[in-house]
Amino acid sequence: MDMKSSRGYHDAMIHVETLRAGIPIFRALDSEVRIRILELLEEHQNLNMNELAEKLGLSNGALTTHVKLLDACKLIEVRTATGKHGTQKICSLHEDRLIIDLKTESADRVYDSEIDVGLYSDYEVYPTCGLATKERIVGEWDDPRYFADPERVNAGIVWFTKGFVEYRIPNYLKPDQKPEELQFSFELGSEAPGSCDDWPSDIHFSLNGRMLGYWTSPGDFADARGIFTPSWWDPIWNQYGLLKLLSINAYGTFIDGGKISDVTLDDLGITYKSGLSLRLAVPETARNVGGLTIYGKNFGNYNQGIRTRIRWAQLG
């Protein structure tokens, strides 16, 4: 399901990892009225409650019930605004895309882990660059030396104009198990001096030295404060990124379900003995060298590090 948000070019998503986890969303979508609300918000981007009620031919009381259901499962966003006609509730789409994993996960067929954004194992970065914890900047602005500071392990945001950071991914496969799919979930954006909503950057992904493909981040966003971004962070700086899902399986490599290359798991040759090194990079040879910001815990809109998932099957 594709949806255009109030930030129309911000290709963000809701990722439903299991069918059971998606039950609240499925219930919210089981209504012609609520589907029509989503269509109207896609068309108009922002509508207040009175405008929605008028377009739907509903009373405000009847509309409120539908809006609350959509808001509760984050399909829409409701915010309060004060204008010349008093206080109004403004509705907009919360995300652009809804992705649902149809497989029902079994706990003994999946290995999940999460890596904080400051726990990179290797790096090469160039200014503008830096990292910060939820309390303060680590070291000084635009000085790559501080990427080696021990306090980096507490970082909740990392940014640089070009270069790379690399993460060691836990591999818990056993000798009688083979991977069926690798997934990586992270909140990403570009890196402009200050911020800029129109600042494209080609972010490249590789695993164990094998190039997987790239995704073009549209910008470095500061049109609204990140939900988890700390209060001391200046509002003119980048505030949040877009939640992206990188997956590699037998059919290729995908971002949010869209294929970015033909590299498959067979090409990577991963076994229970394999080390896993994930690199996120903006090479200087990229068409759009617009930097990279990785949002972790206590920053951005999702309050997560780099989440990893290995789906596996029994050998033989």
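The values are calculated or read from the model by the stated rules, or taken from the named source; none is laboratory data. All of these numbers come straight from a predicted model, not from anything done at the bench. Don't worry about glycine lacking a Cβ; one is built from the backbone with ideal geometry, like all the others, and counts go over all protein chains shown.
Taking the residues in segment 135-168 that are surrounded by fewer than 20 Cβ atoms within 10 Å (Cβ to Cβ) and of a type in the set (Val, Ile, Thr) as candidates, determine which candidate is nearest to residue 208 (Cα to Cα).
Per the stated criteria, the residue is 153.
Within the set of pairs 6 or more residues apart or between chains, which connect a residue that is more than 21 Å from residue 284 (Cβ to Cβ) inside segment 115-144 to a residue that is among the acidic types (Asp, Glu) with Cβ atoms less than 7 Å apart?
Correct list of pairs: 121/166; 133/151; 138/149; 138/151; 139/149.
For segment 46-69, how many residues meet the condition of being touching a Ser or Thr at 6+ places or on another chain (Cβ under 9 Å) and either more than 15 Å from residue 79 (Cβ to Cβ) or surrounded by fewer than 16 Cβ atoms within 10 Å (Cβ to Cβ) (or both)?
Pass one, segment 46-69, residues touching a Ser or Thr at 6+ places or on another chain (Cβ under 9 Å): 46-47, 49, 53, 66, 69.
With the extra rule that they be either more than 15 Å from residue 79 (Cβ to Cβ) or surrounded by fewer than 16 Cβ atoms within 10 Å (Cβ to Cβ) (or both), the set shrinks to 46, 53, 66, 69.
Final tally of qualifying residues: 4.
Let me spell it out: the conditions are (1) under 19 Å from the mean Cα position of the chain (by Cα); (2) closer than 20 Å to residue 277 by Cβ, and residue 157 meets all of them except one. Which number is the exception?
The single condition residue 157 does not satisfy is (2).
How many residues does segment 117-134 contain that are in contact with a Lys or Arg (Cβ under 7 Å, 6 or more places away or on another chain) and surrounded by fewer than 18 Cβ atoms within 10 Å (Cβ to Cβ)? It would help to see each step written out before you state the result.
So the first thing to find is which residues in segment 117-134 are in contact with a Lys or Arg (Cβ under 7 Å, 6 or more places away or on another chain), and the list is 118, 121, 126, 131.
Right, trim to surrounded by fewer than 18 Cβ atoms within 10 Å (Cβ to Cβ) and you get 121, 126.
So the answer is 2.
Looking for something in the same structural domain as residue 285 (by TED's automatic domain parsing), part of a strand (DSSP E or B) and hydrophobic (A, V, I, L, M, F, W, C) - is there at least one such residue anywhere in segment 138-156?
no
Restricting attention to segment 209-223, and to residues there that are within 16 Å of the chain's Cα centre (by Cα) and of a type in the set (A, V, I, L, M, F, W, C), which single residue is farthest from residue 197 (Cα to Cα)?
215
From 101, 108, which residue is loosely packed, with under 14 Cβ neighbours inside 10 Å, modelled with pLDDT under 85 and within 30 Å of residue 173 (Cβ to Cβ)? Before you say what the answer is, go through the steps one by one.
Details: 101 fails: loosely packed, with under 14 Cβ neighbours inside 10 Å.
Answer to the check: 108.
Is it the case, given these coordinates, that residue 247 is in contact with an Asp or Glu (Cβ under 7 Å, 6 or more places away or on another chain) and modelled with pLDDT of 95 or more?
Against the criterion (in contact with an Asp or Glu (Cβ under 7 Å, 6 or more places away or on another chain) and modelled with pLDDT of 95 or more), residue 247 qualifies.
Would you be able to say whether some residue in segment 42-64 is in the same structural domain as residue 95 (by TED's automatic domain parsing), of a type in the set (A, V, I, L, M) and within 25 Å of the chain's Cα centre (by Cα)?
Checked against the condition, which is being in the same structural domain as residue 95 (by TED's automatic domain parsing), of a type in the set (A, V, I, L, M) and within 25 Å of the chain's Cα centre (by Cα), segment 42-64 yields no hits at all.
Examine segment 197-206 for a residue that is modelled with pLDDT under 95 and either closer than 17 Å to residue 117 by Cβ or in contact with a strand residue (DSSP E or B) (Cβ under 6 Å, 6 or more places away or on another chain) (or both), and state whether such a residue exists.
Yes, segment 197-206 has at least one match.
Which one of these does residue 82 not meet: (1) surrounded by 13 or more Cβ atoms within 10 Å (Cβ to Cβ); (2) modelled with pLDDT under 90; (3) not small (Gly, Ala, Ser)?
Failed condition: (1).
Could you go through segment 172-192 and let me know if any residue there is at pLDDT 95 or above, in the same structural domain as residue 111 (by TED's automatic domain parsing) and on the phi > 0 side of the Ramachandran plot.
no
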